Amino acid sequence: MLRLIQVGVGGFGRSWTDIVESSKFWKPVAYVDIDEKALREAAEAHKMPRERCFNDLESALAEVEADAALIVVPPNGHMEIA
Ligand SMILES: NC(=O)c1ccc[n+]([C@@H]2O[C@H](COP(=O)([O-])OP(=O)(O)OC[C@H]3O[C@@H](n4cnc5c(N)ncnc54)[C@H](O)[C@@H]3O)[C@@H](O)[C@H]2O)c1
């Protein structure tokens, strides 16, 4: 299984947490969101441990090994995160 960090788990990101969880190829290893409520709700829904939830991608990358990041934030934030 390839390891995936998802950045943006609220809004449209909620569909992606479901899609990733049902994937045969990807395993979610961390969630990132600037919104604590979105982060908490996604973590609870998908049993992501609290220590694998972060407010920025740099912090996640410092703690968690991953093969890719899936970015589901508004378009004006995409480039900086990528
Ligand atoms: N294909 C479709 O049908 C479809 C539909 C809706 C949205 N989208 C796309 O999905 C993306 C997200 O749209 P949305 O409506 O879910 O946006 P949104 O404003 O609801 O944001 C999604 C999440 O990203 C988080 N976020 C914002 N900036 C962040 C940052 N810098 N770091 C971490 N998290 C951050 C927000 O807190 C939120 O939880 C956009 O690119 C949009 O174009 C596609």
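When both residues are 6+ apart or on different chains and their Cβ atoms are under 9 Å apart, which pairs have a first residue that lies in segment 20-32 and is at pLDDT 95 or above, and a second that is of a type in the set (Ser, Thr, Tyr)?
Pro28/Thr17; Tyr31/Thr17; Val32/Ser59
Going through segment 67-82 one residue at a time, which ones are outside any strand (DSSP E or B) and under 11 Å from the mean Cα position of the chain (by Cα)? Before you say what the answer is, go through the steps one by one.
Let us first name the residues in segment 67-82 that are outside any strand (DSSP E or B), namely 67, 72-82.
Val72, Val73 - these are the residues of segment 67-82 that are outside any strand (DSSP E or B) and under 11 Å from the mean Cα position of the chain (by Cα).
Go through (1) away from the ligand (no atom under 12 Å from the Cβ); (2) in contact (Cβ under 8 Å) with a residue 60 or more places away in the chain and name the single condition Gln6 misses.
(1)
Please enumerate the residues belonging to segment 51-66 that are assigned to a loop (DSSP other than H, G, I, E, B) and away from the ligand (no atom under 11 Å from the Cβ). Please lay out each step first, then the result.
Step one: of segment 51-66, the residues assigned to a loop (DSSP other than H, G, I, E, B) are 55-56, 64-66.
Across segment 51-66, the qualifying residues are Val64, Glu65, Ala66.
Determine, yes or no, whether Ser22 is polar (S, T, N, Q) and over 14 Å from Val7 (Cα atoms). Full working, then the answer.
Details: polar (S, T, N, Q): yes; over 14 Å from Val7 (Cα atoms): yes.
Spelling it out, Ser22 is indeed polar (S, T, N, Q) and over 14 Å from Val7 (Cα atoms).
Given (1) within 12 Å of the chain's Cα centre (by Cα); (2) over 17 Å from Leu2 (Cβ atoms), where does Met48 come up short, assuming only one miss?
Unmet for Met48, out of (1) within 12 Å of the chain's Cα centre (by Cα); (2) over 17 Å from Leu2 (Cβ atoms): (2).
Quick check on this structure: which one of Ala30, Ala38 is in a helix (DSSP H, G or I) and within 15 Å of the ligand (Cβ to nearest atom)? Lay out the reasoning, then the answer.
Values: Ala30 fails: in a helix (DSSP H, G or I).
Exactly one residue qualifies, and that residue is Ala38.
For segment 22-69, give me the residue count where each residue is open to solvent by 50 Å² or more (accessible area, probe 1.4 Å), in contact with a Lys or Arg (Cβ under 9 Å, 6 or more places away or on another chain) and not small (Gly, Ala, Ser).
Matching residues across segment 22-69 total 8.
The values are calculated or read from the model by the stated rules, or taken from the named source; none is laboratory data. A quick note: this is a predicted structure, and the numbers were derived from the prediction, not measured. Note that we place each Cβ from the backbone using ideal geometry, even for glycine, and neighbour counts take in every protein chain shown. Only protein heavy atoms, including side chains, enter the accessible area calculation; ligands, DNA and RNA are left aside. Shrake-Rupley method; radii C 1.70, N 1.55, O 1.52, S 1.80 Å.
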